[in-house]
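Input: a single structure, listed below in structure tokens.
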Ligand SMILES: *Cc1c(COP(=O)(O)O)cnc(C)c1O
């Protein structure tokens with residue numbers, strides 16, 4: 001019997017250039033991955049305001065921290081691999097529209113994103129998404145073996161629905177819409193999303209990334225979950241990292257059609273969500289009233305920051321998320337450097353713009369005091 005070889009193995013793997021001292025070639029997709037740039041982290045030495053990763057600025061709720069004490073006595077055991085209690089609580093929280101079979105969970109929605117792509121993308125399939133958008137997309141697409149098709153945002157940094165639809169070909173497998181869009185904060189409306197769905201073939205998965213959904217207060221806002229009944233090709237991605245304040249514990253989830261969800265679960269890392277994180281998510285769902293009071297405060301702060309910036313002469317696009325976007329182009333790094341010197345960590349995207357998270361009131365005051373000092377130079 002001869003060894004069988006997979007005919008689909010790309011020749012490039014064999015011919016990939018090896019680094020010095022290296023005998024095993026990386027997959028070419030891996031060798032050329034863009035790097036995820038995390039928001040700057042504070043150094044121990046200096047007191048700074050961290051407005052670089054869209055985290056929840058408030059410390060964990062005492063009720064959530066207290067509940068986690070129990071887990072600290074039992075973590076010699078594996079977590080529940082099926083996430084039974086968490087998924088049941090989540091389905092109940094999401095209401096009549098969602099059953100447990102429609103929910104796939106993972107250690108952060110970044111992981112769930114990868115699992116979704118790994119479940120559906122064949123080598124060379126195209127994955128369309130607006131650009132600039134969430135920087136995890138090009139990385140996850142390449143790892144899954146797909147080909148990224150990036151559709152530019154409009155001049156006002158908004159997602160262009162008709163351009164997205166026009167980019168669909170018979171090689172398209174997935175179309176990602178991030179709304180509100182990270183890092184620009186712009187949203188598509190529910191009506192626009194319905195228009196897009198009408199233009200997209202039913203065998204293309206439309207992934208709606210709602211990482212910031214709890215912060216949205218616009219008119220005709222996207223309601224991804226309401227689309228599922230009539231659109232089995234929609235999957236909604238959400239996270240506990242932002243509104244729920246669990247960024248450090250890593251909990252995210254997808255809601256979609258049960259067969260798709262079964263496939264996503266099948267490729268998910270076993271025991272991916274730790275017992276501590278599962279427990280934190282369950283307790284957070286019970287404390288949602290308290291958590292969403294904080295979200296309301298952050299939304300009020302967002303309104304205050306945007307108004308303050310406009311008074312200082314800045315033009316920032318309307319944001320429905322917990323951050324604001326400065327389209328500073330070539331001056332982005334310079335702005336971020338000056339902010340850093342003033343003790344404010346922000347997230348620049350070289351040549352494009354700067355994303356600044358909404359912090360607590362004192363942090364936002366500090367940020368507005370900084371922008372006042374540079375508005376004459378930067379604001380247009
Ligand atoms: C922050 C964010 C996420 C959440 O990532 P986690 O892995 O859940 O922390 C997902 N999508 C977008 C667009 C985000 O900005």
Residue selected from the stretch 101-115 under the condition more than 12 Å from the chain's Cα centre (by Cα) and within 12 Å of the ligand (Cβ to nearest atom), by the criterion nearest to residue 256 (Cα to Cα): 105
Any hit, the stretch 154-170, residues being in a loop (DSSP other than H, G, I, E, B), within 16 Å of the ligand (Cβ to nearest atom) and touching a strand residue (DSSP E or B) at 6+ places or on another chain (Cβ under 8 Å): yes
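Inside the stretch 82-106, can you point out the residues that are surrounded by fewer than 20 Cβ atoms within 10 Å (Cβ to Cβ) and touching a helix residue (DSSP H, G or I) at 6+ places or on another chain (Cβ under 7 Å)?
Step one: of the stretch 82-106, the residues surrounded by fewer than 20 Cβ atoms within 10 Å (Cβ to Cβ) are 82, 84-85, 88-89, 91-101.
Listed by number, the residues that qualify are 85, 88, 89, 91, 93, 94, 97, 98, 99, 100, 101.
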Residue satisfying all of: in the stretch 298-336; without any contact (Cβ under 8 Å) to a residue 12 or more places away in the chain and within 25 Å of the chain's Cα centre (by Cα); nearest to residue 354 (Cα to Cα) among these: 316
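Is it the case that residue 280 is farther than 23 Å from residue 358 by Cα and within 16 Å of the ligand (Cβ to nearest atom)? Can you show your working first?
On the way: farther than 23 Å from residue 358 by Cα: yes; within 16 Å of the ligand (Cβ to nearest atom): yes.
Yes.
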Candidate set: the stretch 198-226, residues that are surrounded by 20 or more Cβ atoms within 10 Å (Cβ to Cβ), outside any loop (DSSP other than H, G, I, E, B) and free of Cβ contacts under 8 Å to residues at least 60 places away in the same chain; chosen: the one farthest from the ligand (Cβ to nearest atom): 206
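Consider residue 247 carefully, then state whether it is surrounded by fewer than 24 Cβ atoms within 10 Å (Cβ to Cβ), farther than 17 Å from residue 159 by Cα and within 13 Å of the ligand (Cβ to nearest atom).
Working: surrounded by fewer than 24 Cβ atoms within 10 Å (Cβ to Cβ): yes; farther than 17 Å from residue 159 by Cα: yes; within 13 Å of the ligand (Cβ to nearest atom): yes.
Against the criterion (surrounded by fewer than 24 Cβ atoms within 10 Å (Cβ to Cβ), farther than 17 Å from residue 159 by Cα and within 13 Å of the ligand (Cβ to nearest atom)), residue 247 qualifies.
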Qualifying residue in the stretch 85-94 (condition: within 16 Å of the ligand (Cβ to nearest atom), modelled with pLDDT of 95 or more and part of a loop (DSSP other than H, G, I, E, B)): no
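Check the stretch 136-143 and report whether any residue there is within 16 Å of the ligand (Cβ to nearest atom), surrounded by fewer than 21 Cβ atoms within 10 Å (Cβ to Cβ), closer than 20 Å to residue 322 by Cα and touching a residue at least 12 places away in the same chain (Cβ under 8 Å).
Yes, the stretch 136-143 contains a residue that is within 16 Å of the ligand (Cβ to nearest atom), surrounded by fewer than 21 Cβ atoms within 10 Å (Cβ to Cβ), closer than 20 Å to residue 322 by Cα and touching a residue at least 12 places away in the same chain (Cβ under 8 Å).
Pick from the stretch 96-118 the residues that are assigned to a loop (DSSP other than H, G, I, E, B) and modelled with pLDDT of 95 or more: which of them is nearest to residue 274 (Cα to Cα)?
Just the residues of the stretch 96-118 that are assigned to a loop (DSSP other than H, G, I, E, B), to begin with: 96-99, 107-108.
With the extra rule that they be modelled with pLDDT of 95 or more, the set shrinks to 98-99, 107-108.
Numbers: 98: 24, 99: 23, 107: 8, 108: 11 Å.
Among them, the one singled out is 107.
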Test: residue in the stretch 121-134 that is within 16 Å of the ligand (Cβ to nearest atom), closer than 23 Å to residue 351 by Cβ and out of contact with any strand residue (DSSP E or B) (no Cβ under 6 Å at 6 or more places or on another chain): yes
Every pair of residues 6+ apart whose Cβ atoms lie under 9 Å, when the first sits in the stretch 227-246 and is within 13 Å of residue 277 (Cβ to Cβ) while the second is more than 10 Å from the ligand (Cβ to nearest atom) and part of a strand (DSSP E or B): none
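In the stretch 110-135, what residues are touching a residue at least 60 places away in the same chain (Cβ under 8 Å) and within 12 Å of residue 264 (Cβ to Cβ)?
As a first pass, look at the stretch 110-135 and keep what is touching a residue at least 60 places away in the same chain (Cβ under 8 Å): 110-113, 115-116, 118-120, 123, 132, 134-135.
Listed by number, the residues that qualify are 111, 112, 113, 115, 116, 118, 119, 120.
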Subset tally (residues that are assigned to a helix (DSSP H, G or I), more than 17 Å from residue 314 (Cβ to Cβ) and touching a strand residue (DSSP E or B) at 6+ places or on another chain (Cβ under 6 Å)) for the stretch 325-372: 2
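The values are calculated or read from the model by the stated rules, or taken from the named source; none is laboratory data. These numbers come from a predicted model, not from an experiment. When we count neighbours, we look across all protein chains shown, and the Cβ atoms used for this are built from the backbone with ideal geometry, even at glycine.
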